[in-house]
Each structure stands twice: as structure tokens, then as C-alpha cells.
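Trainee: To start, I am sharing the structure in question, which I have written as C-alpha cells.
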Amino acid sequence: MSAATSPSRIVDAVVVGAGFAGLYMLYRLRELGMTTRVFEAGDGVGGTWYWNRYPGARCDVESMQYSYSFSPELQQEWEWTERYPQQEEILRYINHVADRFDLRRDIQLETRVTAATWDEGQQRWNVTTDRGDQLSARYLISAAGCLSAGRVPEIEGLESFQGQWYHTGNWPHQPVDFSGQRVGIIGTGSSGIQAIPQIAKQARQVTVFQRTPNFSIPAWNRPLSPEQQKEWKARYPQLREQARNTRSGILYDYSQRGTFEVDEPERQREYERRWERGGANYTHAFNDIFFDRAANDQAAEFVRSKIRSIVKDPAVAAKLAPTDHAIGTKRICVDTDYYTTFNLPHVSLVDLKASPIEAIVPGGIRTADATHEFDSIVFATGYDAVTGSLDRIAIRGRDGLALKQKWADGPRTYLGIMTAGFPNLFFITGPGSPSVLTNVVVAIEQHVDWIARCLQSMQQRHIEVAEARTDAEDQWVDHVNEVADKTLFPTTASWYTGANVPGKRRVFLPYVGGLGNYTAICEQVVADGYRGMRLDPVPAVEGAAPRTGGNVSAPIDAT
Ligand code: N01
């Protein structure tokens, strides 16, 4: 289905990735009359939801909220079947969107963007792919995703393993049948916690290798009734607007009360009520859980007590109950039957803190005190998050500076959208934006709309080069850190800080100030005439590539 490649093509925009972000960006660029090429590594659209086909893969944001809002018709016509959508259903939805808006003709599948170099003379990006495409683009827009660079840890001996091994983020397209197998699963983040109960339903024996226990709240997933959908759909415009103004882009029941403003019985009732309702809403039981360790400890202890009440073996329960980090400072997990799975006789838990993995051997996994025999090993070991997908592309900006080099001490952006020295390069859900702390579809729509509006404004004002100013970027980075430091997030080593990747600089990657506040800041930047950005006309350069998209006219310096 991929369109034919054409060397040295001139387009207005190249978009990297055809997941939620890339598809909507393409839609908006078309509205602006811009010629666009979207490159996608997979052989289908869908991004994360194309790759993550592991058993149990399901979104932990509810279906009625985890969808686009840009088209009233789309949101009315699509029918979700469950409270939390399964991977297969989300992928079907994304494919429907691609067809409904006729997006495929500008998307080239099975093609990775490998390099992009800013051409100072032409004031354009020269983009190359692993298929030999060469394009000249005015704008380069990354929709490469925050959780798309999967990480298989470097464990000695993996190549010697004689069974099959898998990574949750790059799962085979055909269902894997674990029936009768002995399976080792490494990792207990969101992916592992979803996959373990499903794999345990098939496998003869399951051994879970846990380095750090995570907090998980039951999903209580269930079918969505037509009446529930109807109710949502009747109020979609208001509900979407409300969601955009929340911290996370999700309509949770955000408490206005502090943990210690209520007495102990009321506190416990509130935790219980949230547990029974299910999902990440639990972490909003009181308004100080992310800020005050004593308050956080109360919410954490309630979950630990639940784990102890569900898991029959007290020694296993103790290993599963996290005590090393504040609840919510690693992404909270949402599960179906995770803790009860450890009551099954064929499921066991290995605590890697007590007995680290030493090597993978032909027959399985050798830890400090035993060798475990397996037919299959599943790595649920996560991602080089937020920056990993950009690191895979050799992006060079002004004076040949490599993005990777500029970000060697951690990513630096203005609003998470641009970075100084890299003109006309835009990030959707980039580092320094709320991205992974939100309902990412809402964050994506906000970013895409902002970028599209910026490009439209440039078109109208006959400006063709936009770039973040270094001073504005410095201030934004300071602000991102300052806001993070007011919370408990930086107290925990997690992928939010890059701590899961050996050698990665520890920086708090997302903006924790809340999506609603962040959107207000972005709006103010526009109201102030794109404060913090240099907006320059293209200098008349002999032999420059012809302009496409916007109108040619006299230059205006908008700064
Ligand atoms: O990855 P993770 P994930 N030896 O990084 C362990 C989203 N998501 O794919 O914590 C042994 O969270 C690691 O241990 P530790 C969501 O945002 C959403 O599960 O580093 N273990 C950890 O237990 C999520 O947060 C959904 O000590 C090793 C695990 O592997 C994000 O994606 C579903 C190891 C990795 O956990 C990532 O989730 C799935 C090693 N060498 C994902 N290296 C939903 O919407 C790593 N680990 C529901």
C-alpha cells in the first residue's frame, strides 16, 4: 500500500511516524494546502499500537477518552466495545481514521527516516530514508512517539538461547502460543503486568523476574453498553473541553481535599471507593499525593495492604509490594488479575534484587542462585523513552550540530516543541511537554493544532523559518525542572528520568505542570506573537528550491 518512492522530491513537510500524532499532523497539513510525506517504519499505520501486540495489551485510559476529538463525526460514529480498549481495537480505529480521511496516499510504509540535515543555503531539511528516498522539506515534524524505541537489556548470552524470545514492544503479528511451555518474563512495568496473567493462562510454567515491584490498580474492565456510549457522545463537546483543561487530559475525579484534612476512616473509605472504581483515578484520591511524601505513603500503604490481602503467600506478597518509591512516580499500572496470578501453582516470582540475572544460557536464565529452564523468554523491559526515537535519526541542524550532541546532557527544548539551532523542526509530544504524563491523544491534538496554527501564521505572514530562541529555551528548561522539583517524581529512578537506560543522562523528561496549564502557556506564547521564537523570512538565495504551500511575498520580521 505504500506509495512509490521518488528521489529528491520537494515537499513542504516530512512527518516521521504514522501513529496517532503523524496521522493527525498529516490531516492538518493537508488543510493548510501543504504537500507532505509521512514515513513509517512499520508495514501499517498505528505506531505504538501497531507494534505492541503482546497478550493483554490494552490502553489504561478509557476508550471514550482515548480517541481523537478533532472530528465530531468520527467521534460520534465510532463504537467502542469495552471500558478500556484492547490493542486490536485501537489499531482498527487508527486504520479506520487513515481510510476515513484518505490519509494513506501520503504515507510511505516500511521506511525509516535515517537522517535529516538542515541546509543553510536552501533553508530546508534534506531528509534521507533507509529506502534511498531523498527529500527536500521546508518543515521536519517528528511524530516518532515517546515509547517506540524498545530496549532489550544487554544480558550476556542472549544469542545462545535455544528457545524463542520476544519483546513486548515488537511482538510478532501472529499470536504466539505458549501452551505447554515454560516461560520466563523479565520486567514488571505496565507491559509485563498486563502480559503476565494472559501468558499464565496458557503456559505450563511461568517465572516472573522482577527487579522493582510496581503499584497496580485493578482495571475492572467490562463491556461498554450502548447507553453508556450514548451518554458520553451526547456530551462529547463539553467533556472533551473539560478534559483538555485537566492535569492529565483525562476526566478523573480530581480531589480538592488533602490527605490529612480527613480522618483515618474517611481516608480509607476514599481509597476503597477508588480501588473499587478502578484505574489510575486512584492516584487523585487526595490532591497532595504527588507532592507530599507522608500523604503519598498513606495511598501507597493502602495498595500494599490490598496486595497482602490478595496474594496468599506472604513472602510473595512482600516481594510484590513496592516500598522503594512513591506511588505514581513510576507510571501507575492498571491490571486485570495481576496479583491473583501469583496464587496459581505454576507461577513463581524471582526477586532480582536478591538474586540478579547473571546470564542467559542455552536452556534459560541463570541468576545468582539458580538456573531456570525455559522454552520462551519475554522481555517486558520497556523503552528508551521520549528521546530514543529521535536518537535513531541523524538530525543535524545549524553548523552541522547533531541533535544527539546538543542533547548529550539531556534534551533541551522550548515548550517541548522546538529546539534552538534546529529551525523548522517540530516535535509532537517532545521532551519538556506533558506527553507521557497525559492521555497522549489529547496532548497530540494540542501539539498538532499549535504547530499547524504556527505554520498557518507563518504562511499568512510570509515567514518560512521558525526557530526557538536559546534564552527562551533556557527559561523553559529551568521551568520544567522547577515544576518537577516541587513534586515527588524526581525522587524515583524511572524511565521518566532516563534512569532505565544505562548511560542515559538523568533529566526529568516530561513537563509535570499539567496539560491545562501547559496549554494556557502555549496559547499565551501565540498571543505574544510567538514569544521566544525567531521567525525569519527566507533570504533570497540564488538557486534556492522553489517555494511550495504558502504564498510568496515581502518578508516581515515578526520577533
Ligand atoms: O516498560 P517499563 P513497559 N533486568 O520501563 C524491568 C506505557 N504503557 O513497557 O523498574 C531486569 O515501565 C524494569 O525494572 P526497573 C506506559 O506509559 C502503557 O512496561 O527498571 N529487569 C521494569 O520492571 C508505561 O509506563 C500501557 O527496575 C529489567 C520493566 O522491565 C510505558 O509504556 C501498556 C531490566 C520495564 O518497565 C513503559 O511500560 C504498556 C533488566 N536489565 C505500556 N531492564 C497501557 O496503556 C528493565 N527491566 C496499559
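The values are calculated or read from the model by the stated rules, or taken from the named source; none is laboratory data. For clarity, every value in this text was computed on a predicted model and none was experimentally measured. Please note: Cβ atoms are built from the backbone with ideal geometry, for glycine as well, and neighbour counts cover all protein chains shown. Just so you know, the surface numbers come from the protein's heavy atoms only, side chains and all, with ligands and any DNA or RNA stripped out. Shrake-Rupley method; radii C 1.70, N 1.55, O 1.52, S 1.80 Å.
Trainee: Apply the Debye scattering formula to the range 39-183, with a single equal point scatterer on each alpha-carbon and no solvent, then give log10 I(q)/I(0) at q = 0.11, 0.15, 0.19 Å⁻¹.
Mentor: Ignoring solvent entirely, the Cα scatterers give -0.60, -0.98, -1.24.
Trainee: Net charge around ALA394, counting only other residues with Cβ within less than 14 Å of its Cβ (Lys, Arg = +1; Asp, Glu = -1)?
Mentor: Values: positive: ARG112, ARG392, ARG396, LYS404, LYS406; negative: ASP130, ASP391.
Counting the neighbours of ALA394, the net charge comes to +3.
Trainee: Here is a follow-up. Name the long-range amide H neighbours of THR381: under 5 Å, sequence gap of 5 or more, or other chain; modelled H, no Pro or chain starts.
Mentor: THR168
Trainee: Leaving out ligands and nucleic acids, and using a 1.4 Å probe, what accessible area per residue does the chain come to in Å²?
Mentor: Heavy-atom SASA per residue in the chain reads 40 Å².
Trainee: In deg cm²/dmol and to the nearest 500, what is the mean residue ellipticity at 222 nm of the chain if only DSSP H runs of at least 4 residues count, each as -39500 (n - 2.57), divided by the residue total? Mind showing how you got there, number by number?
Mentor: Numbers: 16 runs with 169 residues, N = 559.
So the helix-based figure for the chain works out to -9000 deg cm²/dmol.
Trainee: Another one. How do 338-347, 236-245 rank on mean C-beta neighbours within 10 Å, highest first? If you can, show how the numbers build up before the last one.
Mentor: Numbers: 338-347: 17.8, 236-245: 14.5.
Output ranking for 338-347, 236-245: 338-347, 236-245.
Trainee: Share of Cα-Cα pairs in the range 419-488 beyond 13 Å, in percent?
Mentor: Values: 1729 of 2415 pairs.
When all Cα pairs of the range 419-488 are counted, 72 percent exceed 13 Å.
Trainee: Kindly work out what percent of the DSSP beta bridges joining two residues of the chain are antiparallel, to the nearest 5. It would help to have the intermediate numbers written out before the result.
Mentor: On the way: 26 of 66 bridges.
For the chain, the DSSP antiparallel bridge percentage is about 40.
Trainee: In terms of the Cα gyration tensor, with a ≥ b ≥ c the square roots of its eigenvalues, is the range 432-537 rounded because a/c is under 1.5, prolate because a/b exceeds b/c, or oblate?
Mentor: Values: a/c = 2.20, a/b = 1.89, b/c = 1.16.
Prolate is the answer for the range 432-537, as a/c is 1.5 or above and a/b outweighs b/c.
Trainee: Shifting gears a bit: Semi-axes, largest first, in whole Å: what does sqrt of 5 times each Cα gyration tensor eigenvalue give for the chain?
Mentor: Working: eigenvalues 324, 148, 104 Å².
Listed largest to smallest, the semi-axes of the chain are 40, 27, 23 Å.
Trainee: Going by amide H atoms built from the backbone, whose H comes under 5 Å of the H on VAL350, apart from near neighbours?
Mentor: VAL208, PHE209, GLN210
Trainee: Another question about this same structure. Using the Karplus curve 6.51 cos²θ - 1.76 cosθ + 1.60 with θ = phi - 60°, what ³J(HN,Hα) values do you get for each residue of the range 485-502, in whole Hz, with x for Gly and Pro?
Mentor: Residue by residue, the range 485-502 yields 5, 7, 10, 8, 3, x, 6, 10, 6, 8, 5, 4, 9, x, 6, 7, 10, x Hz.
Trainee: Residues with beta-carbon under 15 Å from that of ILE199, excluding ILE199: net charge, scoring Lys, Arg +1 and Asp, Glu -1?
Mentor: Values: positive: ARG53, ARG58, ARG182, LYS201, ARG204; negative: ASP177, ASP335, ASP337, ASP375.
Its environment carries a net charge of +1.
Trainee: For the peptides 181-188, 248-255, what is the packing order when you average, over each peptide's residues, the other Cβ atoms within 10 Å and list the highest mean first?
Mentor: Working: 181-188: 24.2, 248-255: 18.6.
Highest-to-lowest ranking by the protection proxy: 181-188, 248-255.
Trainee: Scaled to the compact-protein estimate 2.2 N^0.38 Å, what is the alpha-carbon radius of gyration of the range 114-254, rounded to two decimal places? If you can, show how the numbers build up before the last one.
Mentor: Working: Rg = 22.6 Å, N = 141, 2.2 N^0.38 = 14.4 Å.
It is 1.57.
Trainee: I've got another one for you. Under 1.5 on a/c is rounded, so check that first for the range 262-409, then, if it is not, pick prolate when a/b is larger than b/c and oblate when it is not; a ≥ b ≥ c are the square roots of the alpha carbon gyration tensor eigenvalues. Walk me through the numbers on the way to the answer.
Mentor: Numbers: a/c = 2.63, a/b = 1.20, b/c = 2.19.
Judged from the Cα gyration tensor, the range 262-409 comes out oblate (a/c at least 1.5, b/c at or above a/b).
Trainee: Can you tell me which aspartates and glutamates have their Cα less than 12 Å from the Cα of LYS319? Leave out same-chain residues fewer than eight positions away.
Mentor: Straight-line reach from LYS319, under 12 Å: ASP351.
Trainee: Now for a different question. What are the ³J(HN,Hα) couplings of the range 406-414, residue after residue, when phi is run through the Karplus curve with 6.51, -1.76, 1.60 and θ = phi - 60°? Round to Hz, x for glycine and proline.
Mentor: Once rounded to whole Hz, the list reads 4, 9, 4, 9, x, x, 10, 9, 9.
Trainee: Mean projection of the alpha-carbon convex hull of the range 265-337 over all orientations, in nm²? List each step's numbers first, then the result.
Mentor: Details: hull surface 19.9 nm².
It is 5.0 nm².
Trainee: Can you work out ³J(HN,Hα) from phi for every residue in the range 121-131, in order, using Karplus 6.51 cos²θ - 1.76 cosθ + 1.60 and θ = phi - 60°, giving whole Hz and x for Gly and Pro?
Mentor: Per residue, the Karplus-derived 3J(HN,Hα) values read x, 7, 6, 9, 9, 9, 10, 10, 10, 6, 9 Hz.
Trainee: Using alpha carbons only, how many angstrom separate the centre of the range 173-212 from the centre of the range 413-456?
Mentor: 35
Trainee: What is the sum of charges around VAL350, taking Lys and Arg as +1, Asp and Glu as -1, for the other residues whose C-beta is under 15 Å from the C-beta of VAL350? Let's see the in-between values first.
Mentor: Numbers: positive: ARG182, ARG211, LYS319, LYS353, ARG366; negative: ASP313, ASP351, GLU358, ASP369, GLU373.
Once all neighbours under 15 Å are counted, the net charge is 0.
Trainee: A follow-up question, please. Tell me the carbon and sulfur percent of the accessible area for the chain, rounded to whole percent, probe radius 1.4 Å.
Mentor: Taking all protein chains in place, the chain shows 49 percent carbon and sulfur surface.
Trainee: May I ask for the distance between the Cα centers of the range 103-121 and the range 327-373, given as a whole number of Å?
Mentor: A separation of 40 Å, based on Cα centres.
Trainee: Quick one: the Cα spread of the range 316-398 along its three principal axes, in angstroms, biggest first?
Mentor: Extents along the principal axes, in whole Å: 59, 36, 23.
Trainee: What order do you get for 33-42, 354-363 when each peptide is scored by the mean count of other beta carbon atoms within 10 Å, highest first? Display every interim value, and only then the final one.
Mentor: On the way: 33-42: 21.9, 354-363: 15.0.
So the peptides 33-42, 354-363, ranked by packing, come out 33-42, 354-363.
Trainee: Mind running the shape call on the range 322-368? Use the C-alpha gyration tensor, a ≥ b ≥ c as the square roots of the eigenvalues: rounded below 1.5 for a/c, prolate if a/b tops b/c, oblate otherwise. The partial results should precede the final answer.
Mentor: Details: a/c = 2.49, a/b = 1.41, b/c = 1.76.
Here the range 322-368 falls in the oblate category.
Trainee: Report, in debye and to the nearest 20, how large the dipole of the chain comes out about its Cα centre when Lys and Arg carry +1 and Asp and Glu carry -1 on their Cβ. Each step should come with its number before you reach the end.
Mentor: Working: 59 positive and 67 negative charges, 66 e Å.
Dipole about the Cα centre, nearest 20: 320 debye.
Trainee: Could you work out the percent of alpha carbon pairs in the range 188-289 separated by over 17 Å, rounded to a whole number? Please list the in-between numbers first.
Mentor: On the way: 3554 of 5151 pairs.
For the range 188-289, the fraction of Cα-Cα distances above 17 Å is 69 percent.
Trainee: Check SER248: other-chain or 5+ apart residues with amide H under 5 Å from its amide H, H built from backbone geometry?
Mentor: LEU515
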